[in-house]
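For reference, the structure is listed below as structure tokens.
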Amino acid sequence: AKARSAGTANWQVYHSAYGPTQTTQLNLTNAANSGTTVWNSTTPTSAVFSVGTSSGVNSSAVTYVAWLFASCSGVSKVGSYTGTGATQTINCGFTGGARWVMVKRTDSTGDWYVWDTARGMVSGTDPSLLLNSTAAEVNANSVYTTGVGFQIVSTAAGINASGGSYIYLAIA
């Protein structure tokens, strides 16, 4: 959720991997942090999400926008994984692989990485963009599409440090 009519504001992010008492910000690199007043300490349902008293999601006379994503079999997968520091495949249940992937580290600072098949998600051609930065895309062997989802081939701390906690959104 983000305020549309109140000057600059952070994009507040909820993810089921860390629950309704924490939040991260889409435009920042911070780790998941306490956010009990953001999501009202309430887990969303398939029909309703709650906001608390935080000005980041709920102020009088301010309009907000919220983007909501959920797992839909064969179409999208919202999930989490633990980094291994070695190549690992994230099974999203897809039959034709992931076409768009976003990853964020949550137990430490980290960027919001995005890869897509339009720009390439194969060895030698897998440029990433950072949602929290205006930097140009970087082409580094990091994430490839696979039949069931995506494969992380990098050991970079932002996407696959051994023991690190990560959230992702993948779209088939």
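Quick notes on this one:
- Under a Gaussian network description of the chain, with springs only between Cα atoms under 10 Å, the residue in SER154, SER76, SER123 that fluctuates furthest is SER123.
- Within the shell of other residues whose beta carbon sits under 11 angstrom from the beta carbon of GLY149, the net charge comes to +2, with Lys and Arg scored +1 and Asp and Glu -1.
- Both radii are taken from the alpha-carbon atoms of the chain; with Rh as the Kirkwood radius, Rg/Rh is 0.98.
- Sum of side-chain charges, ASN58 neighbourhood, beta-carbon under 15 Å (Lys, Arg +1; Asp, Glu -1): +2
- The residues of the stretch 68-172 expose on average 45 square angstrom of accessible surface per residue, using a 1.4 Å probe on protein heavy atoms.
- Carbon/sulfur fraction of accessible area - the chain, other protein chains in place, 1.4 Å, %: 53 percent
- Given their separation in residues at 0.36 nm each and the Cα-Cα distance between them, ARG119 and LEU26 gain 31.3 nm when the chain is fully extended.
- GNM top mover of VAL62, VAL78, VAL153 - the chain, alpha-carbon springs below 10 Å: VAL62
The values are calculated or read from the model by the stated rules, or taken from the named source; none is laboratory data. Because the structure is predicted, anything quoted here is derived from the model rather than measured. As a convention, Cβ positions derive from the backbone with ideal geometry for all residues, glycine included, and neighbour counts pool all protein chains shown. Only protein heavy atoms, including side chains, enter the accessible area calculation; ligands, DNA and RNA are left aside. Shrake-Rupley method; radii C 1.70, N 1.55, O 1.52, S 1.80 Å.
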